[in-house]
Amino acid sequence: MTQTEFLNIVMPFKDKVFRLAKRLLVSTEEAEDATQEVLLKLWKNKKKIQEYKNVEAFSMTMTKNFCFDKLKSKQAQNLKIVHSNYEDKQTSLQKQVELNDSVDWVAKIIEDLPEQQKMIIQLRDIEEYDYDEIAKMLDMNNTAVRVNLSRARKTIREKLTNTHNYGIK
Amino acid sequence: MVLNNIEKLLEKYENGETSLKEEQVLKNYFSSDTVAPHLEMYKPMFEYFLVNQQEQFTKDVPLKTKRTFNYKWISVAAVAVLMLGFYFKQPIESSYKEYAYGTYDNPKDALNELETSLAMISSHFNKGASTVGYLEEVNKGTSALGYLNEIEKTTSIIFKN
């Protein structure tokens, strides 16, 4: 398999891998490293890539596992990954001004969710995978995904309603 | 009517029962400007989802093709070197023989050459031998010293007495 063939396979979902990694690891740099690592692993095993039924789902599972390993090792070192994205690449200053605080609130709320719910929200509401795919990626069954998703959505809504009301009441 | 529909969808959404299409409807609704005031709190959520979809991975991935070095080629190279070695060894040896035994084909020529060179050696040798001739003078001197022995004999006789 040549480099271009590989890139053709990988390009469509590399951003998704990155976003999932960022959802779990929070820091952009860490997420970039994780993505790089995952892609390199895929590249090293490029001979086996044809055997995978769904490379994308496989890579997402890999990303999940890799990030969990990362988080575990950080915990073992008694180090917390600090959110220190000094330069914000995703939104220009203009956009950031436009976005009100409440969007940041959503980010914070999601950050506080349990990891599983975080991932499910990421995969469903941001990446828009269907339930079966998510179930496969996360190695869960379909209903468990739905239950977790519903919980996560409700939590977000509740917390948002609270903060929303602070402004009024 | 629209609002009613959206509220229903929201309920389904919270229960995790919406399809992707229905979720898209919700996203579109909340990204528009006409959101009902009592649903205002959902807006940042969907906005956040949309913003996050845009985030991209920009870092380069160094994809190196790992060159698996084939050790077979080393043996091939070694054999090649050996063959070259044997090939070049032959002419060197033969030229060495030529050098060692001279280049004369005709024995007479060789004999003449040998005679002249031997004559040259002997003449030089004689030069050296003629200088050695002076050593005979020393011998004469030592033979003269032999008389001193006579004197010693006579003096020893005298001292005995």
Original post:
Under the definition of partner shielding as Cβ atoms of other protein chains within 10 Å of a residue Cβ, what is the mean value for peptide B:11-20?
Top reply: 5
Original post:
Given the rule -39500 (n - 2.57) for each run of at least 4 DSSP H residues, summed and divided by the residues of chain B, what is its mean residue ellipticity at 222 nm, to the nearest 500 deg cm²/dmol?
Top reply: -25000 deg cm²/dmol
Original post:
If we count every other residue with Cβ under 9 angstrom of A:Gln36's Cβ, Lys/Arg +1 and Asp/Glu -1, where does the sum land?
Top reply: -3
Subject >> Mean Cβ neighbour count within 10 Å, used as a protection proxy, ranking A:65-71, A:144-150 highest first >> reply: A:144-150, A:65-71
Original post:
If you take the beta carbon distance between B:Asn149 and B:Lys127 as r and set R0 to 51 Å, what does 1/(1 + (r/R0)^6) give as a FRET efficiency, to the nearest 0.05?
Top reply: 0.85
Original post:
Using the Cα gyration tensor of chain B, with a ≥ b ≥ c the square roots of its eigenvalues, what is the shape: rounded (a/c below 1.5), prolate (a/b larger than b/c) or oblate (neither)?
Top reply: prolate
Original post:
Packing-wise, with mean Cβ within 10 Å as the measure, how do A:34-44, A:133-143, A:116-126, B:52-62 rank, highest first?
Top reply: A:116-126, A:34-44, A:133-143, B:52-62
Original post:
Where is the GNM fluctuation largest for chain B (alpha-carbon springs, 10 angstrom cutoff): B:Leu63, B:Leu20, B:Leu118?
Top reply: B:Leu20
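Ranking B:Leu10, B:Leu82 by Cβ neighbours within 10 Å, fewest first, what do you get?
Listing B:Leu10, B:Leu82 from fewest to most nearby Cβ atoms yields B:Leu82, B:Leu10.
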Subject >> Cα gyration tensor shape for the stretch B:7-55, rounded if a/c is under 1.5, else prolate or oblate >> reply: oblate
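Read the figures in this text as sums done on the coordinates, not as results from a lab. Bear in mind the structure is a predicted one, so any value in this text is a computation, not a measurement. Don't worry about glycine lacking a Cβ; one is built from the backbone with ideal geometry, like all the others, and counts go over all protein chains shown.
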